[in-house]
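The values are calculated or read from the model by the stated rules, or taken from the named source; none is laboratory data. As the structure is a computational prediction, the values presented were derived from the model and not from experiment. Because the Cβ atoms are built from the backbone with ideal geometry, glycine has one as well, and the counts that use them run over all protein chains shown.
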Amino acid sequence: MTNKGIFFNAQHSPIGAFSSFTLGFPGAAGGFGMELGGPANENVFIGLQSRNGRFFEALPFFSGAEDERKRFEPELQKKSATAPALVPFSRQAISRQFSPATDAWQAGDLTFTVFSPVRAVPDPENRPSDMKDAILPAVLAEIRVDNSKGRLPRTVFIGYQGGDSASGMRRLDDDAQGRFTGVGQGTRTAIVSQDRRLRSGLGFTMESILCPDHPYSTTFGLGRVGALTAQVAPGRRASFRFALCFYRDGIVTAGRPCRYYYTRFFKNLEAVAAHALSHFRPLTAQAALADRRLARKHLNPHQQFMLAHAIRSYYGSTQLLELQGKAFWVVNEGEYRMMNTFDLTVDHLFFETRTNSWTLRNTLDEYVRRFSYRDRIKQPGQEKTFPGGLSFTHDMGVANVISRPGYSAYERPGLTGCFSYMTHEQLVNWLVCALVYIRRSGDTAWGRRRMDIFKQCFQSLLQRDHPTPAHRNGVMKWDSSRCDGGSEITTYDSLDTALGQARNNLYLAVKCWGAYVGLQDWFRRAGEPGLSRTAGEQAHLCASTICSQAEPNGCLPSILDRTIEGRIIPAIEGLVIPYELGLHEAVAADGPFGALIQALKRHIQAVLKPGLCLFADGGWKLSSSSDNSWLSKIYLCQFVARHILKLEGPAFRAGPDAVHAGWLKDPRNAYYAWSDQIVRGEAKGSRYYPRGVTAILWLDENNKPERNTQT
C-alpha cells in the first residue's frame, strides 16, 4: 500500500475476546481496548534510535502527553522545556502492507508487523483440542531492525501508556519467573516477549525509559508508560517477537452471569502470554495462510482493502462467553455495543457459515429460548387486533447487560421511526438464518428438531400478510401490537420512509419472497408437502404483487401501493437468499420467477444513475431520498447486481469501489476503523462496526452458480 491513504485505524483482535489492539490513525488514537465502542485513545510507542544516536524515531501513534511527574513536583512547571528525544517518523517515509491477517509498517530501518487470527472457531460442543488456540486472547507482533549499515548500537522499543485509570502499569518480569519479559496494565493487558535481549521499563514518559537517569529508575512503579527495549549492534540485523495480550476474569455480564470462555483454558494474563509465545510460529503461519486463502485475483485493490478491513472490525466485536456451562456467542454492534443485533446477524451469516456455522446455530437457539415472543397484529387506523404469532427481539442486550426475556434493549412502543419494533423483519431474519445454516452446515437434524419453530414462524409470517388467506398478496401489511400506536420499521431505521417503513416495503417484500422460496424447499425436503405448497404459493403471490407495481420507466416504488419520491437499491437485496440456499433456478432470468428477476434487473438499472442512487462522487446511494448510505448493504447489493443479475458497466465495477474505499480512508472517518453509515462521505453512525463482512460474498463472484431445478 502506497503512502497515500495508509493512516487509518484498523483493529487487531483475538476471536471472541471483545478486545482490540487498534493502530493506524496518527496521535493517541489506538492501543489496547477491551469491551469498547471505539479506540482506546492510548499512546503507543514503536520505534528505533536514529543512526546518529541523537534521538529516537517512532511510528506516529502517540501525541505530546503531560509529564505525570508534574503532579508530584509542581515546581517542574517553572523549568524550561528541553528538546524532545522522541519524534515521529516523517509520514512520507512510512509505508504499510495491509491484509486480513497481517498489518506491516515500514519506516527507515524499522519494520513492525501485527498478526491477527482469521480462522474457524471449532464447535465447543465437540470439545476439539485446538479450541485453545482459536480463542487465545492475544495477537502477535514482530519488530525487525536493519542496522547493517549503522555504525552505532541502536535502541529499539515498543510500549504504551495505559489508559485505565483504575490500574497501574507493571513489569511482568517480576512475576514471570524467567519465562518472559513484559509490561502491562493491571491484570488485563500486556506486551510480552521471551527474547532475553529485551528489558522492561516503566516511567512517567517514554523518554524517561529510553534515556534513564539511573540504571534502576525504569523499575519505578508510579510510571504510567511501560515499554520493552533492546539494543541492536552495528552491522547487524535483528528481529523480536511479541504477544499483545488481553484478559478479563470473573463475571462480565449483568442480567445473566457469564464469563469469558477463554478462562477455561487460561487462568490469568501470564498464562495467555506463555501460550501465545510458545505457539508463535504456528499461529503466525495460520495468519499467512488466511491471507493467501482470502486473496483473489478477481478482486481489485479497493475490494481487497475493504474486505480485510471489515473482517478485522467484525472480529473486534466478537465475544465468546460461557453461560451455565455452555458457549454463548455474541457479536457486539460496534460503537452501539448492542448484543447479537438480529438484523446484523442476518448479514454476518455469509461470513459465519463460511468459517464457523455453529455460531449461527448458537444465536438462533438463544433467540428461541429467551428472546422470542408472541403478539397480536393490527392494521393502521383500526382498533381490532388479530393473533400475530411468534417473532423475535431486535437484540439480546447492550454493553454486557443481557435483556429480560422477550425484550430487547432497543425497541420501544409508540414510535414510527428509530427505536420502534422490527417484529416482521426479525421474524424473517430467524427463518433466513435458520435455512441458510441448515444448507451450509448440512445439519438437517437440527432443522428437524426445530421443525415446530419453523411451522410457528411460517404461520406468523402468513398472519402478517393477512389473517384471511383470500386477502393475501405475499407482502407484510400489519403492524405488531407491540408498536402500541406506532408502526414497525426495518433495519434501515435511520433512513427515510423509502427504506425505514416496514409495511408494504419493497426491500422487505423481496426479502420475504426469498424466505418463502427457501421454506418451500425446506418443507418439501422435510416431508411437509402441504406447507411446501403454501410457501410456494406465497412466493408467487409476492412476486406477482411486486411485478404489478412496475412503472413505465422500469422503477419499482419503494413502498408498494403508494407513490413516494424515494427509489432504493436494496430492492435486490433479498435475491441473495435463494442463492445462499443453492436455489439458483429461483434467481435465474428464465426460471420460475423470471418475471420478478427481470423486473428487479430493470429497476436497478433505472435507479443506479446520478441524481437517483449514485452520489456525485460515483458512490452508491441506497435511497435516492436519503444521503445516508451503508457500506455493508452496498457490498451485498453489489454482489447481487454483479453475480446474480449479471449486470455490467461502470457503476458495477472498480470506480464505485475506489469511492467506497476512499470513504473509509477519509481523515474524517479513518479514526473509527471500519464504519457503516456514511452520510455524504462522512461516517456519522455505525462506526467501529462488524457488519461489513457481507463483502465475503465477493469471493464467490468467479464461481459459476449451479442450476437447481427442484425449486
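Assorted remarks:
- Taking the stretch 221-252 as the range and being small (G, A, S), closer than 27 Å to T263 by Cα and surrounded by fewer than 17 Cβ atoms within 10 Å (Cβ to Cβ) as the test, only G250 passes.
- Filtered residues of the stretch 614-639 (kept if in a helix (DSSP H, G or I) and either closer than 16 Å to N702 by Cβ or among the basic types (K, R) (or both)): K633, Q638, F639
- For beta carbons closer than 7 Å, sequence separation of 6+ or different chains, a first residue in the stretch 338-362 that is over 20 Å from F392 (Cα atoms) and a second that is not in a helix (DSSP H, G or I), the qualifying pairs are T355/A120; N356/A120; N356/V121.
- Among the conditions (1) out of contact with any strand residue (DSSP E or B) (no Cβ under 7 Å at 6 or more places or on another chain); (2) at positive phi, the only one that K511 does not satisfy is (2).
- Residues of the stretch 599-613 classified as part of a helix (DSSP H, G or I) and surrounded by fewer than 23 Cβ atoms within 10 Å (Cβ to Cβ), total: 5
- Subset of the stretch 568-598 [surrounded by fewer than 20 Cβ atoms within 10 Å (Cβ to Cβ) and among the small types (G, A, S)]: G582, A588, A589, G591, G594, A595
- Test: residue in the stretch 641-654 that is in the same structural domain as D343 (by TED's automatic domain parsing), closer than 20 Å to L699 by Cα and either of a type in the set (S, T, Y) or in contact with a strand residue (DSSP E or B) (Cβ under 7 Å, 6 or more places away or on another chain) (or both): yes
- Listed by first and then second residue, the pairs with beta-carbon distance under 7 Å, at least 6 apart or on different chains, first residue in the stretch 11-40 and over 19 Å from A308 (Cβ atoms), second of a type in the set (V, I, T) and assigned to a loop (DSSP other than H, G, I, E, B), are G16/V121; G16/I135.
- Restricting attention to the stretch 84-105, the residues that are in contact with a Phe, Trp or Tyr (Cβ under 8 Å, 6 or more places away or on another chain), buried (at least 17 other Cβ atoms within 10 Å of the Cβ) and either in a strand (DSSP E or B) or not assigned by TED's automatic domain parsing to the domain that holds I209 (or both) add up to 8.
- Test: residue in the stretch 424-445 that is under 30 Å from I251 (Cα atoms) and among the basic types (K, R): no
- Which numbered condition D175 fails, given (1) in contact (Cβ under 8 Å) with a residue 40 or more places away in the chain; (2) part of a strand (DSSP E or B); (3) over 24 Å from the mean Cα position of the chain (by Cα): (2)
- Residue tally, condition at pLDDT 95 or above, in a loop (DSSP other than H, G, I, E, B) and more than 24 Å from the chain's Cα centre (by Cα), over the stretch 122-148: 1
- Failed item in (1) in contact with a Ser or Thr (Cβ under 7 Å, 6 or more places away or on another chain); (2) of a type outside the set (G, A, S); (3) farther than 19 Å from S20 by Cβ, with F265 passing the rest: (1)
- Against the criterion of being part of a helix (DSSP H, G or I) and in contact with a Cys (Cβ under 7 Å, 6 or more places away or on another chain), I572 qualifies.
- Counting only residues that are over 21 Å from S239 (Cβ atoms), touching a Ser or Thr at 6+ places or on another chain (Cβ under 9 Å) and surrounded by fewer than 23 Cβ atoms within 10 Å (Cβ to Cβ), the stretch 188-206 holds 1 of them.
- Here the condition is being in the same structural domain as K684 (by TED's automatic domain parsing), more than 30 Å from A10 (Cα to Cα) and assigned to a loop (DSSP other than H, G, I, E, B); of R374, R354, R412, it holds for R412 alone.
- With respect to the conditions (1) out of contact with any Leu (no Cβ under 8 Å at 6 or more places or on another chain); (2) surrounded by 22 or more Cβ atoms within 10 Å (Cβ to Cβ), R449 lacks only one, and its number is (2).
- Within the stretch 375-392, the residues that satisfy the criterion of being surrounded by 13 or more Cβ atoms within 10 Å (Cβ to Cβ) and charged (D, E, K, R) are D375, R376, K378.
- Filtering the stretch 483-496 to residues that are within 18 Å of Q382 (Cβ to Cβ) and surrounded by fewer than 22 Cβ atoms within 10 Å (Cβ to Cβ) leaves D484, G485, G486, S487.
- Residues of the stretch 614-656 satisfying the condition of being among the aliphatic types (A, V, I, L, M) and either crowded, with 20+ Cβ neighbours inside 10 Å or within 21 Å of T694 (Cα to Cα) (or both): L614, L622, L631, I634, L636, V640, A641, I644, L645, L647, A651, A654
- Any hit, the stretch 510-519, residues being outside any helix (DSSP H, G or I), of a type in the set (S, T, Y) and touching a residue at least 12 places away in the same chain (Cβ under 8 Å): no
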